[in-house]
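Engineer: Here it is, the structure, as structure tokens.
The values are calculated or read from the model by the stated rules, or taken from the named source; none is laboratory data. Here the structure is a predicted model, which means the values were calculated and not measured. So basically every Cβ, Gly included, is an ideal-geometry build from the backbone, and we count neighbours across all protein chains shown. SASA here: full protein model, heavy atoms, side chains in, ligands and nucleic acids out. Shrake-Rupley method; radii C 1.70, N 1.55, O 1.52, S 1.80 Å.
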2 protein chains.
Amino acid sequence: VNSTLPATVIWQQGQLQLLDQRRLPEQISYLEINTLAQACEAIRTLAVRGAPAIGIAAAYAMAVVAGGVAEARRLAELEAAAQALQAARPTAVNLSWAVQRMLRLARSDIRLERLRAEAEAIHDEDRSLCRAIGVNGQHLITPGCRVLTHCNAGALAVSELGTATAPLYLAHAAGVEFRVFADETRPLLQGARLTAWELAQAGIDVTLICDSMAATLMAQGEIDMVIVGTDRVTRNGDVVNKIGTLNLAVLCHHYQLPFYVACPSSTFDAQTPSGAAVHIEQRPASEVLDGRAAQVKALNPAFDVTPAALVTGLITDRGLLRYADANPLAPLLDAATQTSRS
Amino acid sequence: VNSTLPATVIWQQGQLQLLDQRRLPEQISYLEINTLAQACEAIRTLAVRGAPAIGIAAAYAMAVVAGGVAEARRLAELEAAAQALQAARPTAVNLSWAVQRMLRLARSDIRLERLRAEAEAIHDEDRSLCRAIGVNGQHLITPGCRVLTHCNAGALAVSELGTATAPLYLAHAAGVEFRVFADETRPLLQGARLTAWELAQAGIDVTLICDSMAATLMAQGEIDMVIVGTDRVTRNGDVVNKIGTLNLAVLCHHYQLPFYVACPSSTFDAQTPSGAAVHIEQRPASEVLDGRAAQVKALNPAFDVTPAALVTGLITDRGLLRYADANPLAPLLDAATQTSRS
């Protein structure tokens, strides 16, 4: 479906390489990750970004750490590495989910080949989750429809099909004609640099807009639905995602448009009761000030919280879960229970 | 109040200079305007911007044109100049208002000194309008209040006090402590480059945010009101202003916050029934694409239309006009009638 895109994460014979997304689309280059510090740096500086991709990269980083130390000291090193990786970015749940899964295995089986296989399994499962999201959301993309998305929850954020983009890629492969509007997503312009680029590469009709233009397009009847990704969905259905997502959800509510969130079950956080309990990463003011030497302060929250009341539904690997239905999140709660048992 | 700021428009002994706002705040430089073509170029490329400032600059440009031609051919030249100036930017009503006022005079009195005096009168009246807006809106700025604004409707857009900023400057001069949040205002960043800079210069507490962050600040109770400027208010009270204004109005409606528009009576357009009838300038896609060589389309409407139903009121030189009142726009309609009579 998307074979022209460079892979976000490359893992070959125990060597980890991450596509440096800060330089896209101008430059396609890879960072070699041989140490824990390099992995943390890549996550913190957004060389690798997108909730699922961060989780995959962190899982492989745990395998890299495991490979650099004798078995006797391996568990202690992995416990420390888990702390460091999780602290690199606090908001996306996939990061701690993947790291904790690696750690759980390490406590029962410390062999390097088992740890590597586990990281590969996380990567493989992510591909499957994305494909299932695509299958469950594809029918939303009807001929002629116009979809607005925000940030990048595409192939670059995940693997293969992306999350928010998975229904789009499958519909496109099935020959459905539709249009995508991509929010540029200030301050780091993931929509302009990544989403618009990856969709255009795949031959999908994509139009870039500034974040502030969505309202006028909706007022003019030019948008039929919004589909975004998410960094964490809490137990009550609140959606934590890239700053600007809440803005779109309020607009959809006002203009009576559906607001969908693509959410792999690995991004559902059954432990956290609501968005109010999520630590929102505050990034450097310099990203907003853009190098202007003003005597001006700036705020730079990386994420916002969209209350469940503004969400139409989640497109998940467990089905299209409509918030208006009774117990819409039950399939994700089941999945979470199974995972914590396993 | 704002003596550290460079003047937007300088007129001395029949010579016109315009502050080149494209280079602010890094560089303070002036364009000399000796020809009609130079004036049109300065307006089209946003060297001079802000609805009232464009009107003032165009009035002086008419005086420059008048000075370059003998009396016998002057009226014909001014008629042609009026067409060219009005076409330079189609949306702001002040541009055609000022040009038509100059033309009206020229048809009855073609003497150069009268034309120059008329342009100076337009400039002087603008200062008075801004001061009156400040006086009529100052009481809204209560101690501790937090005001969000968009684009630049400040001193740089107008003269002296600005429009949306006039209540802020007067409250600051009166010793009231308050905070301003400035939307950066993509794609041309007038909020980041101009508003944040001019307010900081004046010693006002200002924090820059990306346009997409307003929703989360409102959700957290960090904003008490929005005050923006406008390029045109139509007869039914619709507000045409910088793209992103409608977005804020919808957010204010959702979070039950007041949404005020600072509007000099020269910006009220009694001839146009509603925002639907206003020609919205579409600017080059390259401003949004930011030089990225993507195979991606982009939209770049410069303005949006906020329906009257989302507006709390207009802060005008004729008083604070609350849309919930009966016939709130009557004072502006009176002013328009007087102007067209005069």
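Engineer: For residues that are outside any helix (DSSP H, G or I) and in contact (Cβ under 8 Å) with a residue 60 or more places away in the chain, scanning just the stretch A:40-83, find the one that is surrounded by the fewest Cβ atoms within 10 Å (Cβ to Cβ).
Structural biologist: Filtering the stretch A:40-83 for residues outside any helix (DSSP H, G or I) gives A:45-50, A:68-70.
Of the ones still in play, those that are also in contact (Cβ under 8 Å) with a residue 60 or more places away in the chain are A:46, A:49-50.
Numbers: A:46: 18, A:49: 25, A:50: 30.
Here the residue is A:46.
Engineer: Provide a single number: the residues in the stretch B:206-226 that are under 20 Å from residue B:311 (Cα atoms), among the aliphatic types (A, V, I, L, M) and either at the interface with another protein chain (Cβ under 8 Å from one of its Cβ atoms) or not in a helix (DSSP H, G or I) (or both).
Structural biologist: Number satisfying all stated conditions: 7.
Engineer: Shifting gears a bit: Can you tell me how many residues within the stretch B:283-308 are in a loop (DSSP other than H, G, I, E, B), of a type outside the set (A, V, I, L, M, F, W, C) and more than 9 Å from chain A (Cβ to nearest Cβ)? Even if it seems obvious, please write down each step before you answer.
Structural biologist: Restricting attention to the stretch B:283-308, the residues satisfying the condition of being in a loop (DSSP other than H, G, I, E, B) are B:283-285, B:290-296, B:299-300, B:302, B:307.
The next check asks that each one be of a type outside the set (A, V, I, L, M, F, W, C); those that pass are B:283-284, B:290-292, B:295, B:300, B:307.
Those still in the list that are more than 9 Å from chain A (Cβ to nearest Cβ) too: B:283-284, B:291.
Count: 3.
Engineer: I would also like to ask the following. Among the residues of the stretch B:273-300, which ones are open to solvent by less than 20 Å² (accessible area, probe 1.4 Å) and within 25 Å of residue B:100 (Cβ to Cβ)?
Structural biologist: Within the stretch B:273-300, B:275, B:278, B:281 qualify.
Yes/no per residue for (1) closer than 26 Å to residue A:283 by Cα; (2) of a type in the set (D, E, K, R); (3) within 14 Å of chain B (Cβ to nearest Cβ); (4) within 17 Å of the chain's Cα centre (by Cα):
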{"site": "A:12", "(1), (2), (3), (4)": "no, no, no, no"}
{"site": "A:15", "(1), (2), (3), (4)": "no, no, no, no"}
{"site": "A:21", "(1), (2), (3), (4)": "yes, no, no, yes"}
{"site": "A:32", "(1), (2), (3), (4)": "yes, yes, no, no"}
{"site": "A:36", "(1), (2), (3), (4)": "yes, no, no, no"}
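Engineer: I'm checking my understanding of the structure. Among residues of the stretch A:309-319 that are surrounded by fewer than 21 Cβ atoms within 10 Å (Cβ to Cβ) and hydrophobic (A, V, I, L, M, F, W, C), which one is farthest from the other protein chains (Cβ to nearest Cβ)?
Structural biologist: Selected residue: A:309.
Engineer: Another question, then. Only one residue in B:229, B:203 is surrounded by fewer than 24 Cβ atoms within 10 Å (Cβ to Cβ), more than 7 Å from chain A (Cβ to nearest Cβ) and not polar (S, T, N, Q). Which one? Outline the logic, then answer.
Structural biologist: Details: B:229 fails: surrounded by fewer than 24 Cβ atoms within 10 Å (Cβ to Cβ).
Step by step, each of B:229, B:203 is checked, and only B:203 is surrounded by fewer than 24 Cβ atoms within 10 Å (Cβ to Cβ), more than 7 Å from chain A (Cβ to nearest Cβ) and not polar (S, T, N, Q).
Engineer: Mind checking which residues of the stretch A:86-99 are assigned to a helix (DSSP H, G or I) and either of a type in the set (D, E, K, R) or within 24 Å of residue A:262 (Cβ to Cβ) (or both)? Steps first, please.
Structural biologist: Initial filter on the stretch A:86-99 (assigned to a helix (DSSP H, G or I)): A:86-88, A:93-99.
Listed by number, the residues that qualify are A:86, A:88, A:93, A:94, A:95, A:96, A:97, A:98, A:99.
Engineer: Let me ask another. For the stretch B:238-249, what are the residues that are within 17 Å of residue B:210 (Cα to Cα) and either open to solvent by 10 Å² or more (accessible area, probe 1.4 Å) or touching a His at 6+ places or on another chain (Cβ under 7 Å) (or both)?
Structural biologist: Matches in the stretch B:238-249: B:242, B:244, B:245, B:248.
Engineer: If you don't mind, another one. Looking only at the stretch B:250-270, how many residues end up being at pLDDT 95 or above, away from every other protein chain (no Cβ under 13 Å) and open to solvent by 20 Å² or more (accessible area, probe 1.4 Å)?
Structural biologist: Adding up the residues that qualify gives 1.
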